[in-house]
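The values are calculated or read from the model by the stated rules, or taken from the named source; none is laboratory data. Since the model is a prediction, treat every value here as computed from it, not as a measurement. Please note: Cβ atoms are built from the backbone with ideal geometry, for glycine as well, and neighbour counts cover all protein chains shown.
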2 protein chains.
Amino acid sequence: MSIPKTHRRIVLARRPPGEPVESDFRLEEVPVPECGPKEVLVRNIYLSLDPYMRGRMRDVASYAPPVQIGEVMTGGTVGQIVASNHAGFKVGDFVEERLGWQEYGISQGVSLRKIDPAWAPISTANGVLGMPGMTAYFGLLEVGKPKPGETVVVSAASGAVGQIVGQIAKLMGCRVVGIAGGAKKCAFVKDELGFDACVDYKAGGDLAKAIKDACPNGVDVYFDNVGGSVTDAVFVNLNFFARVSLCGSISGYNAAAPEMGPRLFMIFVGRRVNMRGFIVSDFIQHWPAAMKQMGEWVRSGKVKYREDIVQGIENAPRAFIGLLRGENFGKLQVQLGPDPTK
Amino acid sequence: MSIPKTHRRIVLARRPPGEPVESDFRLEEVPVPECGPKEVLVRNIYLSLDPYMRGRMRDVASYAPPVQIGEVMTGGTVGQIVASNHAGFKVGDFVEERLGWQEYGISQGVSLRKIDPAWAPISTANGVLGMPGMTAYFGLLEVGKPKPGETVVVSAASGAVGQIVGQIAKLMGCRVVGIAGGAKKCAFVKDELGFDACVDYKAGGDLAKAIKDACPNGVDVYFDNVGGSVTDAVFVNLNFFARVSLCGSISGYNAAAPEMGPRLFMIFVGRRVNMRGFIVSDFIQHWPAAMKQMGEWVRSGKVKYREDIVQGIENAPRAFIGLLRGENFGKLQVQLGPDPTK
């Protein structure tokens, strides 16, 4: 494909005080950037949408700097090189990078990763064979440290990370219970992914009791993607020496100030709970080995994945707003252009 | 001293729904128990009063069973053997045991620990050279894992555990900041114990800001004895890869149901905080070595301690109620009878 003169991108227009609305984002048409010395120009095919992006919309420095007003929204991308002045990459290579919410992007090659399209569909480099998969792998195995026979509970169980966490835990010989919103997601988690049980947090009733019923031996490892009242309901079911792997708190991402919840730390003392927050890049040195293992699991069918792919960059803001509401079903991505491998 | 026919004890009369009142306890005069085969009879001299006892007044099994209605309140004691049918112990020995809120008690010798009165005042076996001292030692060194140059914050800094935590952290080469209630306690912590700073949580104003000012490099280790809003104010000051050693949550012990507080777990993810609850008995195998080290520190004056000793078993309930309000100043004990080593 020839390189167009202009491309589309989405910038942060305004910092949302609460739940984002579409006007917090702005679609722009701008010139496609020139490929400078030692750079490559990538046509982005898939944009990954992930909950952490809500944090980057705040004017608060965390482990990564915030997106500035007028700046392209940050994000992981899978694409194909269309111009290269970099000795290590050639036109036609499929690559994974963090080029953000835009149709084309420039990379200096430092964090550019080549993808073999014969290995797995290239979109998986944004999912099970990318950051979300690695998050599941290290957050479960290195932070949660499950032992065979233990009970592992994971929230947002049908999401990009949760679906992988549960399947790895099954491979480790654990009893695995998911928590998801709605009967359809729960059925998928149980019937398609092979979890032992799935609790529907939208079903109403006593969630703590429902989790207790699904975990007759209590909860040894809790992989938390959501926080809030779902997490409260798991906490009261934690076993002695339980581990909590804190991956995210999506239920609170839109709140202007921290929401209120019951103080449950007394549970943590008596039961000697160990809770630890982590960021997947903390384990970056060990990604290659983990990626190899995940690739084998995916290719052998031991780990399945579900993607939720939205078409067109103009639909990214709406899809992202839906992600924060739990409206996606599987790993959410935006397809920005044709995928020549399909 | 001859053994009297009767002695006094305090039993749990009622489970308090909230803050305990004196009528939740009952003072009884009962026969002094007979010393059976392989048993010893101990005259208790010092009774330790500790926050965990509030948990034992609830009808909830935790890491230890609750005290039953009509049963003697549980508690650590230091005393002297007045009758012995046990080959390992003789009349006159000073011992530490868990004989509860009573003037005399029977031990089978299993958890009986001899005390050398030449080593340190015998009351310290309930404090710096007993359970609270070991709690400080292991909770700081094994759970908090401070490194030289790091900033350690400890709540209830003038209390039985807090005062020791801070002094050990100083010995480890850390910057140490206490949190205590009132100018007198803060002055003691700084001037007598050598903490670098102490924040008065009763002073009013923005506590998080006061902690920030006292910790210009942020907080690397937080040893938490109190929970609640004091802990919230520390959490927002935690550094990347900070550790929280959860020892207790005294601020919530009287609450019938968990109190509400801000959900701050988002901090834990981005900053990779590791929070762990512990019970001092988890480290019981390592107590002898730790006790030897603590003994050396105490004898050389490197670790000081302050005791708050109330006279007479009849005053134990009131003293305990005051402990939960933070009214004590130093390690709270009740002297039940004469101390022949003084």
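Got at least one residue in the stretch A:149-158 being within 30 Å of residue A:274 (Cα to Cα) and among the charged types (D, E, K, R)? Checked against the condition, which is being within 30 Å of residue A:274 (Cα to Cα) and among the charged types (D, E, K, R), the stretch A:149-158 yields at least one hit. Within the stretch A:173-189, restricting attention to residues that are surrounded by 14 or more Cβ atoms within 10 Å (Cβ to Cβ) and over 20 Å from the mean Cα position of the chain (by Cα), the residue that is farthest from residue A:234 (Cα to Cα) is A:187. In summary, strands (runs of 3 or more DSSP E) completely within the stretch B:14-99 and bearing 2 or more residues that are more than 17 Å from the chain's Cα centre (by Cα) and surrounded by fewer than 16 Cβ atoms within 10 Å (Cβ to Cβ) occur at B:25-31.
Scanning the stretch B:326-342 for residues that are touching a residue at least 40 places away in the same chain (Cβ under 8 Å) and either buried (at least 16 other Cβ atoms within 10 Å of the Cβ) or closer than 16 Å to residue B:160 by Cα (or both) yields B:326, B:328, B:329, B:330, B:331, B:332, B:333, B:334, B:335, B:336, B:337, B:339.
The residue of the stretch B:261-283 that is farthest from the chain's Cα centre (by Cα), among those that are farther than 30 Å from residue A:64 by Cα and within 8 Å of chain A (Cβ to nearest Cβ), is B:282.
Residues in the stretch B:149-176 that are over 28 Å from residue B:98 (Cβ atoms), in contact (Cβ under 8 Å) with a residue 60 or more places away in the chain and not in a strand (DSSP E or B): B:150, B:171. Reported count of residues in the stretch A:195-234, each being free of Cβ contacts under 8 Å to residues at least 60 places away in the same chain, within 14 Å of chain B (Cβ to nearest Cβ) and buried (at least 20 other Cβ atoms within 10 Å of the Cβ), is 2. Quick check: anything in the stretch A:199-220 touching a strand residue (DSSP E or B) at 6+ places or on another chain (Cβ under 7 Å), part of a loop (DSSP other than H, G, I, E, B) and within 18 Å of residue A:302 (Cα to Cα)? Scanning the stretch A:199-220 turns up no residue that is touching a strand residue (DSSP E or B) at 6+ places or on another chain (Cβ under 7 Å), part of a loop (DSSP other than H, G, I, E, B) and within 18 Å of residue A:302 (Cα to Cα). Restricting attention to the stretch B:100-118, which residues are in a loop (DSSP other than H, G, I, E, B) and of a type in the set (Val, Ile, Thr)? If the condition is that a residue be in a loop (DSSP other than H, G, I, E, B) and of a type in the set (Val, Ile, Thr), then B:110 is the only one that fits.
For residues in the stretch B:240-260 being more than 7 Å from chain A (Cβ to nearest Cβ) and of a type in the set (S, T, N, Q), which is surrounded by the most Cβ atoms within 10 Å (Cβ to Cβ)? So the residue we want is B:245.
With the structure loaded, tell me whether residue B:244 is in contact with a Lys or Arg (Cβ under 6 Å, 6 or more places away or on another chain) and hydrophobic (A, V, I, L, M, F, W, C) or whether it fails that test. Considered against the rule, which asks whether it is in contact with a Lys or Arg (Cβ under 6 Å, 6 or more places away or on another chain) and hydrophobic (A, V, I, L, M, F, W, C), residue B:244 comes out as no.
For the stretch B:289-307, a residue qualifies if it is assigned to a helix (DSSP H, G or I), in contact (Cβ under 8 Å) with a residue 24 or more places away in the chain and charged (D, E, K, R), and exactly one does: B:299. With respect to (1) out of contact with any Lys or Arg (no Cβ under 7 Å at 6 or more places or on another chain); (2) modelled with pLDDT of 95 or more; (3) not β-branched (Val, Ile, Thr), the lone exception for residue B:63 is condition (2). Among all positions in the stretch A:284-302, there is no residue which is surrounded by 18 or more Cβ atoms within 10 Å (Cβ to Cβ), more than 23 Å from residue A:149 (Cβ to Cβ) and within 12 Å of another protein chain (Cβ to nearest Cβ). The single condition from (1) under 28 Å from residue B:66 (Cα atoms); (2) more than 7 Å from every other protein chain (Cβ to nearest Cβ); (3) out of contact with any Gly (no Cβ under 9 Å at 6 or more places or on another chain) that residue A:237 fails is (3). Of all residues in the stretch B:137-148, those that are hydroxyl-bearing (Ser, Thr, Tyr) and at pLDDT 95 or above have Cβ atoms under 9 Å from Cβ atoms of residues that are assigned to a helix (DSSP H, G or I) and surrounded by 23 or more Cβ atoms within 10 Å (Cβ to Cβ), 6 or more apart or on another chain, in B:137/B:164; B:137/B:165; B:137/B:168; B:137/B:294.
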